[in-house]
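To start, the structure itself, in C-alpha cells.
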Amino acid sequence: MTLVRDIVTGTALVVLGIAMIVVAAGFPQIGAVTFGPDLFPRIIAGGLILSGLGVLLEAWRGIAPESEASSFAWLPALILCAVVAGFAVLLPVLGFHVATALALLVVVRVFGGSWLTCASVAILAPIVLHYIFYSVLRVPLPWGLLSPVAW
C-alpha cells in the first residue's frame, strides 16, 4: 500500500509542478524587468517536481518511511498551523519584521532549536528577508509597529 501511495503522490507532485510551469509561462512580462510574475510560481514548481522525483526514487528503491501515520507528532503540526494563521492575522498590525521574528522564534523552538538558535534566526532572518524582498525585488512590506523607523 505504501509503494502505491508513494508512486501516486510522487507522480501527482511532478504533474502539478509541470502544470504550474505551463500556467506560469502564460503570465505577462512586465517591461524590461528580467524577472516577472512567473518567477516564484516557477521556483515552487521546480520544488514540487524535485520533491515528486524524490518520492518516486524512494518508492523505486523500496525505501519505506521511518514512521507510520499512527506515530505522527500532531502537536508540532498544529502549532505550525497556528503560527501560520497567527502570522497572517498579525502581519498588518505588527509588521513584517516583528511578525516574522515572533513566528520564527516559536517555530524554531517547537522543532527543537536552542534559545540561542531561536534568537539568532528570529533576529537575522527578518533582516535578510527584508533585504531580499524590499531592496532587491522591490516588494513593499508592512512595517506595522516599526513604521516610525521605516526607511
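What follows is calculated from the coordinates using simple rules that are stated; it is not laboratory data. In this text, all values refer to a predicted model and were calculated from it rather than measured experimentally. Neighbour counts are summed over all protein chains in view; Cβ atoms, including those assigned to glycine, are modelled from backbone coordinates with ideal geometry.
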Rg/Rh (Cα only; Kirkwood hydrodynamic radius) as it applies to the chain:
1.05
Kirkwood hydrodynamic radius (C-alpha pairs) into Stokes-Einstein, the range 2-61, 4 °C and 1.567 mPa s, D in µm²/s:
105
Output the DSSP H helices from the chain with an along-axis C-alpha extent of no less than 27 Å and a mean Kyte-Doolittle hydropathy no less than 1.0.
2-25, 39-61, 74-94
Stick to Cα atoms and the Kirkwood definition of Rh, then tell me Rg/Rh for the range 74-149.
1.00
Any idea what the dipole of the range 2-151 comes to, in debye rounded to 20, about its Cα centre with Lys/Arg Cβ at +1 and Asp/Glu Cβ at -1?
260
Nearest 500 deg cm²/dmol is fine: what mean residue ellipticity at 222 nm does the chain get from its DSSP H runs of n ≥ 4 alone, each adding -39,500 (n - 2.57), divided by its residue count?
-22500 deg cm²/dmol
